[in-house]
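Written out below as structure tokens is the structure these notes cover.
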Amino acid sequence: METNEIDSKKIGEEVMNQLKKVDKVSYIRFASVYREFTDVDEFKLEVEKLLKKDKGEGK
């Protein structure tokens, strides 16, 4: 039987991928809730990943 449902995890990941392309601040805010960041170090790591990617150093 075919289903028309999409896993919410896939939706959340796609939202983050698209936000990352258009608004990095919104991406960080969404990711902090979606991934349940618990301290400032998690924010820092995610921002560092974005900065490296912008400089072409990461994926």
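Values quoted throughout were computed directly from the atomic coordinates according to the rules given, and no laboratory measurement underlies them. All values reported here derive from a predicted model rather than from experimental measurement. Positions of Cβ are generated from backbone atoms using ideal geometry, with glycine treated the same way; all protein chains shown enter the neighbour counts.
Of note:
- Cβ-Cβ contacts under 7 Å between residues 6 or more apart (or on different chains), taken from a first residue in the range 3-24 that is small (Gly, Ala, Ser) to a second residue that is surrounded by 10 or more Cβ atoms within 10 Å (Cβ to Cβ), are listed as 12/34.
- Qualifying residue in the range 32-44 (condition: touching a Leu at 6+ places or on another chain (Cβ under 6 Å) and at negative phi): no
- The range 7-16: number of residues that are out of contact with any helix residue (DSSP H, G or I) (no Cβ under 9 Å at 6 or more places or on another chain) and not charged (D, E, K, R): 2
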